[in-house]
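K.L.:
Structure provided below as structure tokens; questions to follow.
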Amino acid sequence: MGIFSRFKDIVSSNISAMLDKAEDPEKLVRLMIREMEETLVELKAGCASSMAEARRVRRELDGVLDQVDRWDRRAELAVTSGREDLAREALLERRRENERADALRRELDEIDALVARTQGDMDVLDEKLAAARDKQRMLVQRHVHARVRRQAREDVRRAASLEVMHRFEELERRVEHMEAEADAVRVPTDTRNGLDAAFADLETRDELERELAALRARVGERAANSGKGAAAPRHGEVSGAME
């Protein structure tokens with residue numbers, strides 16, 4: 001399993017654990033970016049180590065190939081010198097060096113493939129890290145807006161709850177009770193003003209009594225005068241009666 005694969009497993013595990021704990025998105029984003037940055041550093045270090053190992057293997061391979069050429073020249077020299085026994089020994093050594101060279105070539109191919117995969121993982125991770133950094137600000141803003149909207153909904157829910165309405169009704173009853181108490185309190189009147197009003201009432205009644213007495217006098221006088229006129233006979237009426 002490569003480093004990048006292990007990184008994906010670690011990030012998935014950490015994110016799943018944080019989601020289970022209901023962690024906030026901002027913390028999740030920061031965790032992902034930190035994991036990606038740390039993994040990128042690890043990938044770069046591993047790639048540098050692999051490249052250094054590849055250089056060492058190449059140097060060793062070059063040395064082995066030099067030995068192959070050396071034993072090949074010795075085999076030719078032994079043949080030309082009539083020493084076929086030495087030529088056989090030289091060919092045997094050349095074969096051994098060739099086998100070592102083949103093993104080093106396979107090792108070098110594996111290292112080169114590992115470097116290529118690591119560099120590919122680094123390129124992918126670089127792109128993902130850049131995208132994550134670009135989206136971090138947007139995600140944080142969305143999380144802040146969502147938190148504000150949720151708080152507003154909670155405030156509305158609390159304002160519309162039965163408990164709040166009960167408090168408003170209780171407050172309304174208290175206000176109505178205070179208003180009733182205010183209406184029940186009699187405002188004390190000024191004693192002097194009340195006395196003046198009583199005397200003014202008496203004066204009015206006295207004036208009315210005087211006017212009523214004067215009216216009675218006039219009526220009585222008019223009636224008396226009317227009675228006298230009816231009792232005295234007129235001159236014409238007396239003469240007729242005598243005749």
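K.L.:
Just order 102-108, 171-177 by mean Cβ neighbour count inside 10 Å, highest at the front, would you?
P.N.:
Highest mean packing first, the order is 102-108, 171-177.
K.L.:
What is the extension gain from residue 102 to residue 41, computed as 0.36 nm multiplied by their sequence separation minus the C-alpha to C-alpha distance, in nm to one decimal?
P.N.:
So the chain would gain 18.6 nm between residue 102 and residue 41.
K.L.:
I'd like the Karplus ³J(HN,Hα) series for the stretch 106-113: coefficients 6.51, -1.76, 1.60, θ = phi - 60°, whole numbers in Hz, and an x wherever there's a Gly or Pro.
P.N.:
Here the 3J(HN,Hα) series is 5, 4, 5, 4, 5, 5, 4, 5 Hz.
K.L.:
Under 15 Å from the Cβ of residue 58, count the other residues' Cβ atoms, weight Lys and Arg +1, Asp and Glu -1, and hand me the total. Present the calculation step by step, with values, prior to reporting the outcome.
P.N.:
Working: positive: 55, 56, 59, 100, 105, 106; negative: 53, 60, 62, 66, 102, 107, 109, 110, 112.
It works out to a net charge of -3.
K.L.:
Set the Förster distance to 35 Å, then compute FRET efficiency between residue 153 and residue 179 from the Cβ-Cβ distance, nearest 0.05.
P.N.:
According to the calculation, E is roughly 0.45.
K.L.:
For the stretch 39-89, what does the accessible surface come to per residue with a 1.4 Å probe? Please give it in Å².
P.N.:
The answer is 66 Å² per residue.
K.L.:
If I model a spin label as a point 7 Å beyond the Cα along the Cα-Cβ vector, how far apart are those points for residue 139 and residue 127 in nm?
P.N.:
1.8
K.L.:
Placing unit charges on C-beta atoms (Lys and Arg positive, Asp and Glu negative, everything else neutral), compute the dipole magnitude of the stretch 88-128 about its Cα centre in debye, rounded to 20.
P.N.:
380
K.L.:
Same structure, new question: Run the 1.4 Å probe and let me know the accessible area of residue 215, rounded to the nearest 10 Å².
P.N.:
80
K.L.:
How many nm is it between the label spots at residue 79 and residue 215, if each spot is 7 Å from the Cα in line with the beta carbon?
P.N.:
Roughly 17.3 nm, to one decimal.
K.L.:
Pop the C-beta distance of residue 222 and residue 202 into the FRET formula with R0 = 25 Å and round what comes out to the nearest 0.05.
P.N.:
Once the sixth-power term is evaluated, E becomes 0.25.
K.L.:
Order 127-139, 30-42 from most to least packed using the mean count of other Cβ atoms within 10 Å.
P.N.:
30-42, 127-139
K.L.:
Another question, then. If R₀ is 41 angstrom, what is the calculated FRET efficiency for the pair residue 110 and residue 28, using the beta carbon separation as r and rounding to 0.05?
P.N.:
Working: r = 37 Å, r/R0 = 0.91.
About 0.65, to the nearest 0.05.
K.L.:
Ok, one more. Which order do peptides 201-209, 53-61 fall in by mean Cβ count within 10 Å, highest first?
P.N.:
The packing order, highest mean first, is 53-61, 201-209.
The values are calculated or read from the model by the stated rules, or taken from the named source; none is laboratory data. Being a predicted model, the structure only gives us computed values, none of them experimental. Note that we place each Cβ from the backbone using ideal geometry, even for glycine, and neighbour counts take in every protein chain shown. Just so you know, the surface numbers come from the protein's heavy atoms only, side chains and all, with ligands and any DNA or RNA stripped out. Shrake-Rupley method; radii C 1.70, N 1.55, O 1.52, S 1.80 Å.
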